[in-house]
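The values are calculated or read from the model by the stated rules, or taken from the named source; none is laboratory data. Since this is a predicted model, take the numbers as computed values, not measurements. Note that each Cβ is placed from the backbone with ideal geometry, even for glycine, and that neighbours are counted across all protein chains shown. Only protein heavy atoms, including side chains, enter the accessible area calculation; ligands, DNA and RNA are left aside. Shrake-Rupley method; radii C 1.70, N 1.55, O 1.52, S 1.80 Å.
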Amino acid sequence: MTAKIRAGKIRAAVTGWPVAHSRSPLVHGHWLKRYGIDGSYEKIAVAPEDAEAFYGNLATSGLKGCNVTIPHKETAAAACDVLDEAAQKMGAANTLWLDETGRLCGANTDGAGFLGNLDQMAPGWDDRHGCAIVLGAGGAARAIVWALCSRKFTEVHIFNRTFEKARQIADQFGSIVHAHSWDKLGTYIGKADLLVNTTSLGMTGKAPLELDLADLPKEALVTDIVYVPLMTGLLKQAAARGNRTVDGVGMLLHQAVPGFEKWFGVRPEVDDDLRRLVLDDLEQSS
Ligand code: NAP
């Protein structure tokens with residue numbers, strides 16, 4: 001692995017257990033080539049029993065930093081000397097870097113990735129600071145609720161199969177965030193400026209997401225963070241009735257931007273070439 005790496009070359013990696021499925025090397029490899037940077041981006045499998053020591057001693061690994069994927073995001077956050085606001089709120093970090101003084105810094109970029117995708121694909125989507133409906137209350141939902149609060153949405157309604165998980169997120173984010181059981185969706189959908197699916201429903205191999213969109217305002221933006229398939233049942237249903245839609249692959253690409261900038265010193269662009277590269281890879285492996 002290290003034989004071809006020259007001294008001084010900046011190294012970064014995706015770390016987790018497992019990491020074989022990760023598209024991050026494709027994304028960062030594309031940017032390294034695009035910007036002519038003498039760096040590398042590897043996959044490093046970190047077994048659960050090794051995680052605390054690995055992140056705690058990242059400075060000795062030769063890496064400038066890394067992405068962190070399931071199941072180590074909480075362990076990684078706990079190892080950091082400094083966390084950004086999102087990582088503090090999530091208690092989980094997906095991007096780590098060593099600063100100039102050697103401190104281990106951590107960020108959670110899922111929320112920023114969500115915002116970056118909508119900013120790029122649906123400019124002006126948050127101008128009204130209105131009412132957002134979030135389906136699901138897992139890790140991604142927490143990051144998205146944080147992101148919506150950061151854009152000053154006036155109401156955020158979370159609907160989840162397990163009500164208690166929705167309630168925990170609502171409790172954390174204060175009075176504009178409300179938790180509901182799934183069966184109450186019909187009462188609120190007519191108010192939505194934004195409808196976002198963060199459940200795994202609708203993903204290839206999972207049960208479909210079955211929703212009645214009859215009362216959803218035609219001006220509402222509909223987005224799904226599931227990106228396999230790219231056009232989920234929800235997006236097709238929303239587009240067929242005239243709603244603006246944004247698919248989820250852009251979130252995956254935009255969440256990678258801050259890490260690349262921290263490690264390699266260039267803020268990379270999420271462009272059509274990168275999107276095509278990742279979509280082709282997803283198609284080939286499906
Ligand atoms: P997670 O923490 O496991 O949460 C899964 C969510 O889906 C929970 O709200 C869960 O409800 C709900 N759910 C699962 N099966 C369900 C079912 N049969 N009926 C009703 N609800 C169900 O997962 P996550 O990390 O938040 O990720 C969620 C999805 O987003 C995944 O498909 C993931 O691949 C995708 N994702 C995409 C991006 C991107 O960059 N586009 C980033 C992160 C995640 P309960 O709480 O009731 O179990």
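So which residues in segment 160-181 are at pLDDT below 95 and within 11 Å of the ligand (Cβ to nearest atom), if there are any at all? Within segment 160-181, none qualify.
Restricted to segment 104-159, and to residues there that are more than 9 Å from the ligand (Cβ to nearest atom) and charged (D, E, K, R), the residue that is surrounded by the most Cβ atoms within 10 Å (Cβ to Cβ) is Asp126.
Residues that are under 14 Å from Ser181 (Cβ atoms), in a loop (DSSP other than H, G, I, E, B) and of a type in the set (Ser, Thr, Tyr) occur in segment 152-167; there is at least one.
Of the strands (runs of 3 or more DSSP E) entirely within segment 26-98, those holding at least 3 residues that are under 28 Å from Ser150 (Cβ atoms) and hydrophobic (A, V, I, L, M, F, W, C) occupy 95-98. The set of residues in segment 182-192 that are among the hydroxyl-bearing types (Ser, Thr, Tyr) and either closer than 12 Å to Cys131 by Cβ or at pLDDT below 95 (or both) contains only Tyr188. Consider Ile70 carefully, then state whether it is in contact (Cβ under 8 Å) with a residue 12 or more places away in the chain and out of contact with any helix residue (DSSP H, G or I) (no Cβ under 8 Å at 6 or more places or on another chain). So Ile70 passes the test.
Pairing residues of segment 228-242 that are among the basic types (Lys, Arg) with residues that are open to solvent by less than 50 Å² (accessible area, probe 1.4 Å), at Cβ distances under 9 Å and at least 6 apart in sequence or on separate chains, gives Lys236/Thr245; Arg241/Leu213; Arg241/Leu216.
Of Leu230, Leu209, Leu201, Leu235, all but one fail to be at negative phi, part of a helix (DSSP H, G or I) and within 13 Å of the ligand (Cβ to nearest atom); the exception is Leu235.
Checked against (1) surrounded by fewer than 16 Cβ atoms within 10 Å (Cβ to Cβ); (2) basic (Lys, Arg); (3) away from the ligand (no atom under 13 Å from the Cβ), Lys191 passes all but a single condition, namely (1).
Could you tell me whether any residue of segment 177-188 is within 28 Å of His254 (Cα to Cα), surrounded by 18 or more Cβ atoms within 10 Å (Cβ to Cβ) and in contact with a Pro (Cβ under 8 Å, 6 or more places away or on another chain)? No, segment 177-188 contains no residue that is within 28 Å of His254 (Cα to Cα), surrounded by 18 or more Cβ atoms within 10 Å (Cβ to Cβ) and in contact with a Pro (Cβ under 8 Å, 6 or more places away or on another chain). Taken over segment 70-103, the criterion of being within 16 Å of the ligand (Cβ to nearest atom) and farther than 20 Å from Ala47 by Cβ is satisfied by Ala86, Ala87, Lys89, Met90, Gly91, Thr95. Is it the case that His129 is at positive phi, outside any helix (DSSP H, G or I) and not aliphatic (A, V, I, L, M)? Spelling it out, His129 is indeed at positive phi, outside any helix (DSSP H, G or I) and not aliphatic (A, V, I, L, M).
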